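A.B. asks: My questions all concern the structure below.
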Amino acid sequence: MSPPSILGNGKDSSESAAEETYADIDWEDLGFNIVSTDYMFVMKCAKGDKFSQGSILPYANIEISPSAGILNYGQGIFEGLKAYRTEDGRILLFRPHENAERMKIGADRLCMPSPSIDQFVNAVKQTVLANKRWVPPPGKGSLYIRPLLMGTGSLLGVGPAPEYTFLIYCSPVGSYKKGAVNFKVEDKLFRAIPGTGGTGGIKSVTNYAPVYTAITEAKANGFSDVLFLDSASGKYIEEGSACNVFVVKGNVISTPATDGAILPGITRKSIIEVAIDLGYQVMECPISVEEMLCADEMFCTGTAMVVSSVTSVTYKETR
Ligand SMILES: Cc1ncc(COP(=O)(O)O)c(C=O)c1O
């Protein structure tokens, strides 16, 4: 399969809304599962260098040294964003520059070179256009785009890898949540250490598996997700396993401040802007469990979750 040609204006040479064809899958039945698409984007760079030229390749397994930095020492970050198809046949990306900026901050924190903002956004566009037939029809879902940045060079001692790979793959997705959002407040296991000394504020690959036991236990007890507390005092809510949270009381919408421990979500940022425009008072501040339990309403935000109202929150015995 030869990769499609991509022109600099972001349109591929054969693009026209009328010619658009769809991949042969059941678009009515999309969940949040990986569906392999046709192409991925790959760009490599040596430690100390800058990323320069990447390419669209057929989607396939990648070869990686057993002694790669990502496999041994977790030197990696990822991003997540979506492309949507409009009724008039266009394909829209949701604020990709924001993901590019966030990846850069995460890369600096983990001692990795990162693609420039333009390289990131262009690579995302190329990946989406190459996989255009996997962008669901309007209203049926979206194309979830997963940029990865990882130390793929081989090394034995602890330290930054000698080579880095920026890779983007994608998958058509439907809804992430299956049914109502019922949070269990996790009061034993913490996701992040306080302040900017940790990695809670970046999408490090190492942030996720350490809380799998909490998520698995909560799910086994009928909850849909866990809500993490700050690890310094255990009194203030932080975020869900892959979403930010907001509480509503009258005309005031509050969300925990992103102080280094909480991921600065792009949906979160967008909702804050929209809420202010709509005349709400928005506060980014510490929110205690007690304040949350007295809220009128609660909702969570994220690329996968979109904006979802929270049905229940359970803290110890209080629901
Ligand atoms: C831990 C965590 N918090 C919040 C979010 C929401 O961020 P965004 O709105 O940028 O998807 C995500 C998902 O990316 C996440 O993994």
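The values are calculated or read from the model by the stated rules, or taken from the named source; none is laboratory data. Bear in mind the structure is a predicted one, so any value in this text is a computation, not a measurement. Quick reminder, even Gly has a Cβ in these numbers, built from the backbone with ideal geometry, and neighbours come from all protein chains shown. Quick note on the areas: whole protein, heavy atoms, side chains included, nothing else; ligands and nucleic acids left out. Shrake-Rupley method; radii C 1.70, N 1.55, O 1.52, S 1.80 Å.
A.B. asks: Normalised by the residues of the range 101-168, what does the relative contact order come to in percent, with Cα pairs under 8 Å and at least six apart?
C.D. replies: Taking the mean separation of contacting Cα pairs over the length of the range 101-168, I get 28 percent.
A.B. asks: Of all DSSP beta bridges in the range 191-319, what percent run antiparallel (nearest 5)? Mind showing how you got there, number by number?
C.D. replies: Numbers: 17 of 21 bridges.
Just about 80 percent of them are antiparallel.
A.B. asks: Explain nothing, just the number: relative contact order of the chain, from Cα pairs under 8 Å at least 6 residues apart, as a whole percent.
C.D. replies: About 18 percent, as a whole number.
A.B. asks: Mind grabbing the base-10 log of I(q)/I(0) for the range 17-173 at q = 0.15 Å⁻¹? Debye formula, identical points on the C-alpha positions, no solvent, two decimal places.
C.D. replies: -0.78
A.B. asks: Once you have the Kirkwood Rh of the chain from its Cα pairs, apply Stokes-Einstein at 25 °C and 0.890 mPa s and quote D in µm²/s. Let's see the in-between values first.
C.D. replies: Working: Rh = 20.9 Å.
Value of D from the Cα-based Kirkwood radius: 117 µm²/s.
A.B. asks: Of the residues 169, 59, 212, which exhibits the maximal mean-square fluctuation in a Gaussian network model of the chain defined by a 10 Å Cα contact cut-off?
C.D. replies: Evaluated over the chain, the most mobile residue of the options is 212.
A.B. asks: How would the range 133-265 be classified by its alpha-carbon gyration tensor: rounded, prolate or oblate, with rounded meaning a/c under 1.5 and the a/b versus b/c comparison settling the rest? Mind showing how you got there, number by number?
C.D. replies: Working: a/c = 1.77, a/b = 1.13, b/c = 1.57.
Cα axes put the range 133-265 in the oblate bin.
A.B. asks: Right, next: Can you work out ³J(HN,Hα) from phi for every residue in the range 206-214, in order, using Karplus 6.51 cos²θ - 1.76 cosθ + 1.60 and θ = phi - 60°, giving whole Hz and x for Gly and Pro?
C.D. replies: With coefficients 6.51, -1.76 and 1.60, one gets 7, 7, 9, 4, x, 10, 4, 4, 5 Hz.
A.B. asks: Another question, then. On a 18 Å Cα-Cα criterion, which of the cross-link pairs 104/203; 50/104; 50/269; 140/219 come out too long? The partial results should precede the final answer.
C.D. replies: On the way: 104/203 11 Å; 50/104 13 Å; 50/269 29 Å; 140/219 27 Å.
The pairs that break the limit, which is 18 Å between Cα atoms, are 50/269; 140/219.
A.B. asks: With a 1.4 Å probe and every protein chain left in place, tell me how much accessible area residue 111 has, in Å² to the nearest 10.
C.D. replies: Its heavy atoms expose roughly 80 Å² to the probe.
A.B. asks: Once the convex hull of the alpha carbons of the range 232-319 is built, what does its volume come to per residue, in cubic angstrom? All intermediate terms of the calculation are to be shown ahead of the outcome.
C.D. replies: Working: hull volume 8.4 nm³, N = 88.
Given the Cα convex hull of the range 232-319, per-residue volume reads 95 Å³.
A.B. asks: Based solely on its DSSP helices, what 222 nm [θ] is calculated for the chain when runs of n ≥ 4 H residues each add -39,500 (n - 2.57) and the sum is averaged over all residues, nearest 500 deg cm²/dmol?
C.D. replies: -5500 deg cm²/dmol
A.B. asks: Take peptides 126-137, 89-100, 262-273 and line them up by average Cβ neighbours within 10 Å, highest first, as a rough protection proxy.
C.D. replies: Highest to lowest by the protection proxy: 126-137, 262-273, 89-100.
A.B. asks: Rank 303, 216 by accessible area, highest first, at a 1.4 Å probe radius? Show your work: numbers first, answer last.
C.D. replies: Working: 303 45, 216 90 Å².
Descending accessible area places them as 216, 303.
A.B. asks: Next question. Helix 117-130 versus the longest principal axis of the chain: what is the Cα-based angle in degrees, 0 to 90, to the nearest 10?
C.D. replies: So the inclination is approximately 70 degrees.
A.B. asks: May I pose another question? Nearest 5 percent is fine: what portion of the DSSP beta bridges confined to the chain is antiparallel?
C.D. replies: 80 percent
A.B. asks: With a 1.4 Å probe and all protein chains left in place, how much accessible area per residue does the range 17-173 have, in Å²?
C.D. replies: Value returned for the range 17-173: 47 Å² of accessible area per residue.
A.B. asks: With contacts defined as alpha carbon pairs under 8 Å and 6 or more residues apart, what's the relative contact order of the range 226-269 in percent?
C.D. replies: 26 percent
A.B. asks: Sticking with this one: Over the chain, what percent of the accessible surface lies on carbon and sulfur atoms, probe 1.4 Å?
C.D. replies: Values: 8260 of 15450 Å².
Reported share for carbon and sulfur atoms: 53 percent.
A.B. asks: Among 274-283, 68-77, what's the highest-first ranking by average C-beta atoms within 10 angstrom per residue?
C.D. replies: 68-77, 274-283
A.B. asks: If you don't mind, another one. Can you give the angle from 0 to 90° between the axis of helix 266-277 and the longest principal axis of the chain, with both taken from C-alpha atoms, to the nearest 10?
C.D. replies: 60 degrees
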